[in-house]
Each structure stands twice: as structure tokens, then as C-alpha cells.
Amino acid sequence: MPVQIKFGTSGWRAVMAEDFTFANVRRAVEGVARYVASKKPQGARVIVGRDPRFLGETFVDMAANVLAAHGITPLVITEAAPTPAIAFEVRRAQADGAINFTASHNPAEYNGIKFSTPDGAPALPEVTRQIEAAVEAYDRDPSSGEQRSGIERQSIEVKSLYLSRIKEIIDLTVIKKAGLKVAYDPLWGAGRGYPDAVLRDAGVDCATVHDFRDVLFGGHAPEPDGDLLNDLRAAMKQSGAQLGISTDGDADRFGIVDRDGTFISPNYIIALLFDYLVETRGWKNGVAKSVVTTNMVNALAEKFGVPLYETPVGFKYIGELIQQDKIAIGGEESAGLSIRHHVPEKDGVLAGLLCCEMVARRGKSLREQLQRLFDQVGSFYPDRQNFRLTPEVKEKLTGKLKQEPREFAGRKVASIVRTDGLKLVLEDGAWVCYRLSGTEPVVRAYTEARAEADRSTLNAAAKEWVFS
């Protein structure tokens, strides 16, 4: 029985040589090809890209052959490319979608496939369900799809035009005039030569670490999280940089380090940039965040008098709002954001450069800017914990998540939100949200305290509730 290919919040991912095999990759691409051909039987064009992972070029070649056999012209990106650059090119070239071989921030033993629709956004559930059904049809009868010949692949380059667009969005003159020094860590990923090139072209001093291909990503996940950015901190100290920026394996996520070496939570970056865009661009059309992202965004939306959209986890939902021009910025606590008039996809390159502009223009550290927001709308202390579950605990917890508790850890529950999982908002504004993983026996517990002293207490209560 072949492994079931399921597209989650950001595509299909699996461990290479276990489930991510040549045979299963072919099945997945067959599903995509059949879906695209069903929507556009003649003249379809699909971009094929990758991050720098092991065998990426081989998977791209395989995908191009499968697409061509279905009469779809493969537009093959010759180098590793960031997910947001691929999304930009889908829209610019009016392609019929994109297949991107990447496992994003996952460790080196993983790979994956992201499929973007013609709008450049991550495929929505109604699309991925059709792709999964097409995979099942292929499993039943591999010969049933129409095989064509005479289609030739085209090689394309996405970097220059994407970076030209980034240069239109970012006020590089402000960054240069402020004399800001920056350090950048691509974590050996697809972001290499992107944000640092933009800064250097503008005459900004930028030091770069890990600027070479390493399919093992230094022996750890290419995730721009605080405990994995010590080399970036060292580069900041050596070069005198006032800001450190980082991107993950496919450069859709960001990590930001303040001038004193403090890692600034993505929750806070989203709130700070929302405040900054309202101030500098005057954009007051709205803001979006996943339900597990800091409620500081809610407080700022109320302060500015703009609509707030709370979405399930998965940037595809925020991407829809960007396309509809309903929001100035949309973000997720897992370090993904994009802004108005840009791609409906997470963009870590953009996020880092926007932070450079914000620090340069305001002349204050990120911690100083964050304290200003705390003074204006109150303090927020978000956290996330992952708990592995035994089958017995998972079964019991699944039942509890369907209930509507009136108290949590001795506190009154003021409201219950079921946008994604179970979110309990407490009477003092603190909250806890539980989301069961769809792929492994794990529950994610998100918390946000309103006072730093309550942070550990709330986290402990969140854990106790899972196992009690």
C-alpha cells in the first residue's frame, strides 16, 4: 500500500529515503500535473524551483519531465530560490502555478513539495484535496493520464526582478543615511545573496555568515530561532552591526536579533511592523494574524480603528486577504509575514529589510520600540510549547478539546475561540490555545500572559491541563 500523500498547512513534507522517495515524489507531481491539466488542458506553464537541499536538482528534473509528459511547459529555475521569489515570478509571468521542492525550516533529512496556485499563494485546502485525489487516481491507474511529447522545458531566473520589486518597497535611502550596519545569516538556505545584496547595492554595510551551500545546514534545522543564531550574534559583534537578520531554508521565515544580541520574538516583529506601516505608509485598511499570534496585534488594531482578521494557522488564509487588499500586513507567530501590494506568501527577505528600515528611520533599538508599544497598548508575553502524547493521553485530550470550560487554572474563561483548535481567553486578557498536530502525536500549546511574572505560571498550567 503506497504512503498517503497529504498536503498540510504548507505542502507535503517527509523524511528523504523513507517517505520522500523518487517513487512518492513522482506520485505527488503526477497529482499536481493532472490537477493543472484539468484546469488548463492546453498551454499550461508551471514553474519548478527548489531550496539548496540534497538531491534538489534531481527532483526538479523529475518534476519537469512529468509536467512535460502532461503537455505542461516546465519553467525551471536554474538556482536555489526563495519561496517568495518563486511566488513573485508566478504572478509576474502569469504562470499556472509552481512546484517548489523545499522543507522550509525542517532539518536536512526532510524534503517537501509546496504547490502555489496561479495567484502565487499557497494552495488552499480545496486545491490540495483535488491534488490528493489525483494522486489516488494515478495510484489506481498510472497509465490513465494523457501522455504527450514535444514539450520542452525553459530555464528561467527569478532573482533580479524579485529584488527590483523589493527595492521599490524598502526605503533604502533611509537605511543608508542612518549609517545602519547589518549582519545577515541565510542559514545556508535559499536566501543567500538576496537581502544582503540589496543592502550592499544601496551602499549599506552588511556582514554575511554561512554564505555557501551546505545540504546539512550546519548540522541543525535551518530555522532562524534565537538559539540557532549565535554565529549571527558573533558577526554582529565583530562588524559592529546594530541589527541582525536571518532567513530559514527557503527564506519565507525570518529571525531578528537586536543590537544587544537579544532575539526578538516574531510575534513582536509583526506588531512592530504593523505599527510602523500605519505610521509611515498610512495604511489603515486592516491587519490579519493567525489565531495563535499575539493579541498585541488586536490591541493595535483597536487603537488604530482598523479591521482585524483572525485566521486559522496557515499563511494561505492571510494570503487571500492580501490579494483582496483588505490588510496592510498579515503575520503568523511562526515567523511568517507579508504586506500590502506584495506577494500573498510569507517573505522572510522582506521582513528583515523592513526591520532595517524601521530601526534606521526611528533611530531606536527594537527593544526600545517594543517598550513604547507596551506603554501604549499594554504588555504581552507569548510562548509556545509542544507536547508529545501517548495514544491514551491523545484520546482523552481530544475529548477535552471539544468541551467548553468555564475556568482554566482557577481563572474565569471570558471567551472561547474555535477558529483553529481551542483558544481560551481569560478574564485578565491572558489566553491559552491548543492545536493538535495533523501529522504526529503532538499538541501545540500557545500561551500569552499579560504580565511577565505570570508567564511561567500560565505555561505550567497549560501543560498540566494537557496531562491531567
Is it the case that segment 280-292 has a residue that's surrounded by fewer than 21 Cβ atoms within 10 Å (Cβ to Cβ) and small (Gly, Ala, Ser)?
yes
The conditions are (1) buried (at least 20 other Cβ atoms within 10 Å of the Cβ); (2) farther than 28 Å from Ile166 by Cβ; (3) modelled with pLDDT of 95 or more; (4) within 25 Å of the chain's Cα centre (by Cα), and Thr21 fails exactly one of them. Which is it?
(1)
In segment 426-468, which residues are without any contact (Cβ under 8 Å) to a residue 24 or more places away in the chain and in contact with a Phe, Trp or Tyr (Cβ under 7 Å, 6 or more places away or on another chain)?
Leu426
So Gln385 fits all but one of (1) within 27 Å of the chain's Cα centre (by Cα); (2) closer than 20 Å to Asn298 by Cα; what number is the exception?
(2)
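Here's the yes/no breakdown for (1) free of Cβ contacts under 8 Å to residues at least 24 places away in the same chain; (2) surrounded by fewer than 15 Cβ atoms within 10 Å (Cβ to Cβ):
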residue	(1), (2)
Gly363	no, yes
Phe380	no, no
Phe387	no, no
Thr398	no, yes
Val413	yes, no
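Condition check ((1) over 27 Å from the mean Cα position of the chain (by Cα); (2) at pLDDT 95 or above; (3) of a type outside the set (Asp, Glu)) across all residues:
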residue	(1), (2), (3)
Leu373	no, yes, yes
Gln376	yes, yes, yes
Ala430	no, yes, yes
Tyr434	no, yes, yes
Ser437	no, no, yes
Ala451	yes, yes, yes
Leu458	no, yes, yes
Glu464	yes, yes, no
All but one of (1) among the acidic types (Asp, Glu); (2) within 21 Å of Ser338 (Cβ to Cβ); (3) without any contact (Cβ under 8 Å) to a residue 24 or more places away in the chain hold for Glu89; state the number of the condition that does not hold.
(3)
Any residue at all in segment 147-162 that's under 30 Å from Gly218 (Cα atoms), surrounded by 17 or more Cβ atoms within 10 Å (Cβ to Cβ) and of a type in the set (A, V, I, L, M, F, W, C)?
yes
Does segment 153-173 contain at least one residue that is under 21 Å from Thr102 (Cα atoms), hydroxyl-bearing (Ser, Thr, Tyr) and touching a strand residue (DSSP E or B) at 6+ places or on another chain (Cβ under 6 Å)?
yes
With a cut-off of at least 3 residues that are closer than 15 Å to Ala335 by Cβ and of a type outside the set (A, V, I, L, M), name the helices (runs of 4 or more DSSP H) lying wholly within segment 171-287.
266-281
Where the second residue is in a strand (DSSP E or B) and the first is of a type in the set (Ser, Thr, Tyr) and lies in segment 63-81, which pairs have Cβ atoms under 9 Å and are six or more apart or on separate chains?
Thr73/Arg45; Thr73/Val46; Thr73/Gln154; Thr78/Ser155; Thr78/Ile156
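The values are calculated or read from the model by the stated rules, or taken from the named source; none is laboratory data. Values in this document were obtained by computation on a predicted structure and should not be read as measured data. Glycine also receives a Cβ, built like all others from the backbone with ideal geometry; neighbour counts cover every protein chain displayed.
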